[in-house]
Amino acid sequence: KDIEFIRSYYYNKLELTRFSSSVGKYVGFTEYGVRNAEYWNKDASDLSAMKAQKEAVCLNHVQNKYNNVL
């Protein structure tokens, strides 16, 4: 429950758009990013795939990363 998958899209050191598994959708931070977020949020299959990334990437590897840190 404490793990969050975040994928951010940047251009020229400026964050345009971000997907967060805790929010469950894309959020735009610029005018261009907001348009992209609205377009990407309409695609249910893409949202499902991004939500699945939390389990595929984060949850399967968290124990290995935690053990390496300790």
Worksheet item: Roughly speaking, to the nearest percent, how much of the chain's 1.4 Å accessible area is carbon and sulfur?
Response: 51
Practice prompt. Any chance you could count the Lys pairs in the chain whose alpha carbons are under 21 Å apart, treating pairs 8 or more apart or on different chains as valid?
Written response: 11
Worksheet entry | Computed magnitude of the charge dipole of the stretch 6-68 (debye, nearest 20; Cβ of K, R +1, Cβ of D, E -1) | 160
Item to complete: Specify the angular offset, from 0 to 90 degrees and rounded to the nearest 10, of the alpha carbon long axis of helix 60-69 from the longest principal axis of the alpha carbons in the chain.
Response: 60
Item to complete: Specify the angular offset, from 0 to 90 degrees and rounded to the nearest 10, of the alpha carbon long axis of helix 44-53 from the longest principal axis of the alpha carbons in the chain.
Response: 30
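Loop-only check: which GluC sites (Glu not before Pro) in the chain are DSSP coil with at most 12 other Cβ within 10 angstrom?
E4
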Response to the item:
Lys and Arg at +1, Asp and Glu at -1: neighbours of S8 with Cβ under 13 Å from its Cβ sum to +1
Worksheet item: With each run of n ≥ 4 DSSP H residues scored as -39500 (n - 2.57), what mean residue ellipticity at 222 nm is computed for the chain after dividing by its residue count and rounding to the nearest 500 deg cm²/dmol?
Response: -13000 deg cm²/dmol
Fill in: C-alpha long axis of helix 31-41 to longest principal axis of the chain, angle in °
70
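The values are calculated or read from the model by the stated rules, or taken from the named source; none is laboratory data. Because the structure is a prediction, the values reported are computed rather than measured. Virtual Cβ from ideal backbone geometry, glycine too; neighbours counted across all protein chains shown. Surface accessibility is based on the protein's heavy atoms, side chains included, excluding ligands, DNA and RNA. Shrake-Rupley method; radii C 1.70, N 1.55, O 1.52, S 1.80 Å.
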